[in-house]
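First comes the structure, then the notes that go with it.
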Amino acid sequence: MGPGVEADDEAKLLADPRLKSAICLFNTADWYACHDGLEELWHETQGPLRPVLQGILQIAVAHLHLERGNLRGATVLLGEGLGRLSRSGDEALGLDLARLRRSAQERLVALQCGQSLEALPFPTLSSMEHQVPPVD
């Protein structure tokens, strides 16, 4: 599969209103509804965007586990989600994956060390187009 096919796949996903909805649900910490939306897209997606969707999905489900008090499940899924996203670049679907990975990694380390997550913000899916370039 060439770069043109990958760009077409990404354009189709970006045009899908379910993706926008899932991103909004992720960013408002509506983990269960986000999971439903992302899972549907993930099942329909092939190629290099599939693990990106799965990684984001696993991070959302990890937070659903946290809401339900399942610290072990949350720890496992945060690790798996980060593992999937580590094989992606810093951007996919117009999203800042590097920022998502940093936030999820901080929360994973806190879980692994038995620390409270209260001071750590929830991970969010931020758009690359809204990023301010660093000042030299």
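Numbers at a glance
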quantity	calculated
So Gly114, is it without any contact (Cβ under 8 Å) to a residue 24 or more places away in the chain and at positive phi	yes
Long-range neighbours under 9 Å by Cβ, at least six apart or interchain, first residue in contact (Cβ under 8 Å) with a residue 12 or more places away in the chain and surrounded by fewer than 16 Cβ atoms within 10 Å (Cβ to Cβ) within the range 74-102, second among the charged types (D, E, K, R) and in a helix (DSSP H, G or I)	Ser86/Arg101
Pair list, Cβ < 6 Å and 6+ apart or interchain, from the range 19-40 residues that are over 15 Å from Val52 (Cβ atoms) to residues that are buried (at least 17 other Cβ atoms within 10 Å of the Cβ) and β-branched (Val, Ile, Thr)	His35/Val61
Members of the range 63-81 that are closer than 16 Å to Cys113 by Cβ and of a type outside the set (D, E, K, R)	Leu66, Leu71, Ala74, Thr75, Val76, Leu78, Gly79
Residue ID - surrounded by the most Cβ atoms within 10 Å (Cβ to Cβ), chosen from residues in the range 103-115 that are outside any loop (DSSP other than H, G, I, E, B) and among the hydrophobic types (A, V, I, L, M, F, W, C)	Ala104
In the range 116-136, the residues that are acidic (Asp, Glu), over 20 Å from Val61 (Cα atoms) and either modelled with pLDDT of 90 or more or in a loop (DSSP other than H, G, I, E, B) (or both)	Asp136
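The values are calculated or read from the model by the stated rules, or taken from the named source; none is laboratory data. Because the structure is a prediction, the values reported are computed rather than measured. Cβ: placed from backbone, ideal geometry, glycine included. Neighbour counts: every protein chain shown.
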